[in-house]
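One structure below.
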Amino acid sequence: MSVADLVASLRESRGFRHKTDIVDVVGSLARHMPRGEQDLAQAVALGDDCAAIADGDGYLLFAIEGMVSDFVSAMPWFAGYSSVMVNVSDIYAMGGRPLAVVDALWSQGIGAAEEVLAGMAAASVAYGVPIVGGHTNTRSDASQLAVSIVGRAKALLSSFNAKPGDRLMMAIDLCGRFEEPYPFWNASVDAPPERLRADLELLPRFAESGLCDAAKDISMAGTLGTALMLLECSRVGARIELDRIPKPAEVPLERWLTAFPSFGYLLSVREEHVDAVQAQFDARALACAVIGSVDATSEVVVRQHDEAATLWDFNREPFIVAKDKSLATHALAIHGLND
């Protein structure tokens, strides 16, 4: 597949389309929120993987994830597990540590809820994050699940801190498998809980040591869609080398770029800190590589060998941020933009 064809395929993918919907949702919320409320909204200091609310000498982190209904119906145990896992990942992606989760679950009877709850319980144990309450309706005509999480951070990793000259790094646990037919790369369920927690601990350590201040966990938009979210929020562009992206040898690149991994992060790192960040991922046997460079343009260009194509030009079309910068700033503050 040519680079141009790959770009066209990604732009039409379910993951990309779900993220571009954020523009309309956030814009609608901003239009309905009185401008006089903006000062209150600014208590939410930054918003990307979590809302980060300044609190004492740190930040209270707050996020929520909803599972798509077809996933909950087809794979209830893993959907339950994933609902906790992805929330935990959001907290660590912001440089924080999770405190607790709550859930909202709808099902057709308690029997239909059993596997979902069992999966949630398994993830709660694996990641050491308690489930402290929620809302349940076992008399619903459809299955649906959402889980919310709170955490705390001493220092933040944020989608708003990438700078021109940074190196874009990707870190991922390749010791997994796809949960067919979905794009979910599962490197969590069979891993020792102690290793899962120690791997995640790298993220707040980077934030607190000053080695990194800009990161995002790889979401349903895949590696390149997540890169677009990080870069757009920071109002920068990038050049990304597709051949540098860490991936399992047996997985085609086009599929890998749409994967939603259980442990996968993009970090925008100052050049002088790249070696130190790389060394810490290497020490944990996590795949990590510099996959590109951040620049002052508004374009994200992907290259492979002698081919190149523009994945996105933020000046021509938004990805998740409204073109009206005043509206975007207001909307991001009040919404938190938990993706």
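The values are calculated or read from the model by the stated rules, or taken from the named source; none is laboratory data. From a predicted model like this one, the values you see are computed outputs, not experimental measurements. A quick note on method: Cβ atoms are made from the backbone with ideal geometry, for glycine too, and the neighbour counts reach across all protein chains shown.
Kindly establish whether Met85 is at pLDDT 85 or above and surrounded by 14 or more Cβ atoms within 10 Å (Cβ to Cβ). Yes, satisfied. Scanning the stretch 65-88 turns up no residue that is in contact with a strand residue (DSSP E or B) (Cβ under 6 Å, 6 or more places away or on another chain), part of a strand (DSSP E or B) and farther than 23 Å from Tyr182 by Cβ. For Leu267, the criteria (1) at positive phi; (2) crowded, with 22+ Cβ neighbours inside 10 Å hold in every case but one, which is (1). Being aliphatic (A, V, I, L, M), closer than 27 Å to Met75 by Cβ and modelled with pLDDT under 95 is true for just one of Ile110, Ile149, Ile131. Which residue is that? Unique residue meeting the criteria: Ile110.
For a quick check of your reading: which helices (runs of 4 or more DSSP H) sit entirely within the stretch 172-264 and have at least 2 residues that are surrounded by 15 or more Cβ atoms within 10 Å (Cβ to Cβ) and out of contact with any Asp or Glu (no Cβ under 9 Å at 6 or more places or on another chain)?
Values: elements: 193-200, 202-209, 222-234, 253-256.
Helices (runs of 4 or more DSSP H) meeting the threshold: 193-200, 202-209, 222-234.
In the stretch 202-212 there is at least one residue that is charged (D, E, K, R) and more than 24 Å from Leu257 (Cα to Cα). Does Ala146 fit the bill of being surrounded by fewer than 21 Cβ atoms within 10 Å (Cβ to Cβ), part of a strand (DSSP E or B), hydrophobic (A, V, I, L, M, F, W, C) and in contact with a His (Cβ under 7 Å, 6 or more places away or on another chain)? For Ala146, the condition - surrounded by fewer than 21 Cβ atoms within 10 Å (Cβ to Cβ), part of a strand (DSSP E or B), hydrophobic (A, V, I, L, M, F, W, C) and in contact with a His (Cβ under 7 Å, 6 or more places away or on another chain) - is not met. Checked against (1) under 30 Å from Val300 (Cα atoms); (2) at pLDDT 90 or above, Asp24 meets all criteria but (2). Annotation: Gly134 fulfils all but one of (1) closer than 18 Å to Phe62 by Cβ; (2) under 17 Å from the mean Cα position of the chain (by Cα); (3) surrounded by fewer than 23 Cβ atoms within 10 Å (Cβ to Cβ); the unmet one is (2).
Within the stretch 229-248, the set of residues being farther than 11 Å from Ser268 by Cα and at pLDDT below 95 comprises Met229, Glu232, Cys233, Arg235. Applying the criterion of being more than 21 Å from Ser234 (Cβ to Cβ) and in contact with a Leu (Cβ under 8 Å, 6 or more places away or on another chain) to the residues of the stretch 298-322, the residue that is surrounded by the most Cβ atoms within 10 Å (Cβ to Cβ) is Gln304. Within the stretch 272-299, the set of residues being among the charged types (D, E, K, R), within 22 Å of Glu201 (Cα to Cα) and touching a residue at least 12 places away in the same chain (Cβ under 8 Å) comprises Arg284 only.
Can you tell me which residue among Val116, Val129 is outside the structural domain of Thr258 (by TED's automatic domain parsing), farther than 21 Å from Ser69 by Cβ and β-branched (Val, Ile, Thr)? Testing whether each residue is outside the structural domain of Thr258 (by TED's automatic domain parsing), farther than 21 Å from Ser69 by Cβ and β-branched (Val, Ile, Thr) leaves just Val129. Taking the numbered list (1) within 23 Å of Phe16 (Cβ to Cβ); (2) touching a residue at least 40 places away in the same chain (Cβ under 8 Å) in turn, Pro164 passes all entries but (1). Return a yes/no flag: does the stretch 198-205 have any residue that is over 27 Å from Ala296 (Cα atoms) and basic (Lys, Arg). Yes, some residue in the stretch 198-205 is over 27 Å from Ala296 (Cα atoms) and basic (Lys, Arg).
Take Arg152 and tell me if it is surrounded by 13 or more Cβ atoms within 10 Å (Cβ to Cβ) and over 16 Å from the mean Cα position of the chain (by Cα). Steps first, please.
Working: surrounded by 13 or more Cβ atoms within 10 Å (Cβ to Cβ): yes; over 16 Å from the mean Cα position of the chain (by Cα): yes.
Answer is yes for this residue.
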